[in-house]
Structures are given as structure tokens and as C-alpha cells.
Amino acid sequence: MAYDKRLFERLGVKIDISDAQNRFMNRLRTILFKTTAFNNDKIKLTQDSSIYLSFCIKIGIVCESLFSEIEDSFNTKDFTKFVINLNALMDVLKEKNPESYELLLDYIERFITDSEMDLGIHVVTEKKKEYLVYRGSELLDKKLISDSLNILDKAKAVIVSFERGLKEYLAGHSDTSRYHNTVRDMQVSLDECAKIILSDKNTGIKHLVKNEHWTKTGLNEYYKQIVFQLNDMIDKLAKHKADYIFEDREVESIVYMTGLIIRLLISK
């Protein structure tokens, strides 16, 4: 029987985003640390030294050999930090215990679906890691971000920069200074695209938009102007000690534009 998300509405109980996020976190904490789903004969999440050490390294905390750090890291009230730690645990389980990894994915998707309101996160598919959880528009993430990552098998440097920017964007929800890093990483991913197209590691996107090189993309002049303006904006607002403060909506749009441009440049 599916969870009835209209129950609170019918009872006249108002749920805001923080309440919904807390419920999501509590549901996962219960499954991860209070049930046998992740503490059984096949996996002991709070006792497996391999998982414990890998997780501590992944999120950058000191291992005290008490095993409590994993559970403690998920006791945060900060939803963004919780999601970041969740991504780290997913990465570790995928390598160390694929069966538990798949089980965790099932619970995450179920709890997102059962949430009383949109949490601002969802699961997306990507070839290298298969699943990542991040914020943003679900339709755009699936069509632009996930699909962009999927076509980059031949462009490892591009995907490294793009993924790094996505992680910075997620972290930016609790520390807006990280948005600057996201924008720069998006530009770096475009530079890496240019290197591939021009077969020259000493070039970047600023070289690709020159008249003598742009024809190699197979795209018309209007697209060249779009790419030029995007790169010019990043140069002026995010480079050379620029003190511009990016808003979330601006950074999100830059991520989506970059994803679209990558698809145009690499998928040809």
C-alpha cells in the first residue's frame, strides 16, 4: 500500500520543507542504524572496518577506531551535509558491498517518493557511478546533467571537472561561497571540451570560439555567440579575484547551460 501524501492535508496539518527534510533524514537514519537491513550477517555498517575507513576518508574526518563516526555524521541537522554524506556512503557501498548499495538506493528512492513535499533532491543515473543524489530541477537534471555525464566516456577530464562542479553546487546550499567554485569548474569542463575538439592540450574554450576554429564544432554562429558570452561572463564574474556574489538561480542556470553546450560539442 502506497504512502498517502495527502494525509497531512486532509487533517489540516501544515508541513514545510524543513519538516519534510527532517522526516526524510529520520527515515534513512532508522534504516541505516536501527534495523538489521544494514547490520546483519552480510554487512555490519557500524562495525565493518573497510567501510568505516573508506567513509571517513571520503568525507574527510579523523578515524578514531570507534566506528561511531558513521552514525554521528548522519546525525547532522543540516540537510545539505546529510545529502553529501549520503553520497559518500553510496560511493563506498557501491565498491565494498554492491548488494547493500542497491538496497540503499531502493530506500532512498522510496523515501523521496513518500515525502510529504518536494525535497529538492532526486536520484539520477550516470554511467560511471550509476546514481548520484543532487538538488535541482528533476527534468533538467535528467535531460541535461545525467545525459551529459553519460556521453562523456571519451572525455574523462570533462566529466571530472563537471562532477566536481556539481558537488560544489550541492555544498553551496549551506555555504554560498562554494558557488564561485561551481562556476569555475563549469568553465574548466568547457575548456576540456575545447582541448578534445582542437586536439591541443594548450587550448581552451576561448580559443574554440575564434572564427578559424569554430567550424570544427559544426554549429552555427549563433551558438558561438552563446558560448562566447557564457565564457566572457565567467571570466568577468568568477575569475581574477572577482568579488561577484552568485545567487543559487544563477549558478543553476550556468550548470544547465554548460551541460547543454557539452552535449552539443561532444556528442557530434
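Laboratory data are not the source of any read-out in this text; all were calculated from the coordinates shown. The model shown is predicted, which means the values in this text are computed figures rather than measured ones. Positions of Cβ are backbone-derived with ideal geometry, glycine not excepted, and every protein chain shown enters the neighbour counts.
To the nearest 20 debye, what charge dipole does the range 1-119 have about its Cα centre, counting +1 at the Cβ of each Lys and Arg and -1 at the Cβ of each Asp and Glu?
With only Lys, Arg, Asp and Glu charged at Cβ, the dipole is about 220 debye.
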Rounded, prolate or oblate for the range 1-119? Axes are the square roots of the Cα gyration tensor eigenvalues, ordered a ≥ b ≥ c, and the cut-off for rounded is a/c under 1.5.
prolate
Could you please state, rounded to a whole Å, how far the C-alpha centre of the range 210-225 is from the C-alpha centre of the range 71-116?
43
Ordered by packing density, taken as the mean number of other Cβ atoms within 10 Å over each peptide's residues, highest first, how do 189-199, 212-222 rank?
189-199, 212-222
Computed over the range 1-119: relative contact order in percent, which uses C-alpha pairs under 8 Å that are six or more apart:
36
State, to one decimal in nm, how far the label point of E221 lies from the label point of D243, with both points 7 Å from Cα in the Cβ direction.
4.0
Full-extension gain between D19 and E95, please, as 0.36 nm times their residue separation minus the C-alpha to C-alpha distance.
24.1 nm
Using amide H atoms built 1.01 Å from N in the peptide plane, name the residues 5+ places from E116, or on other chains, whose amide H lies under 5 Å from its own.
none
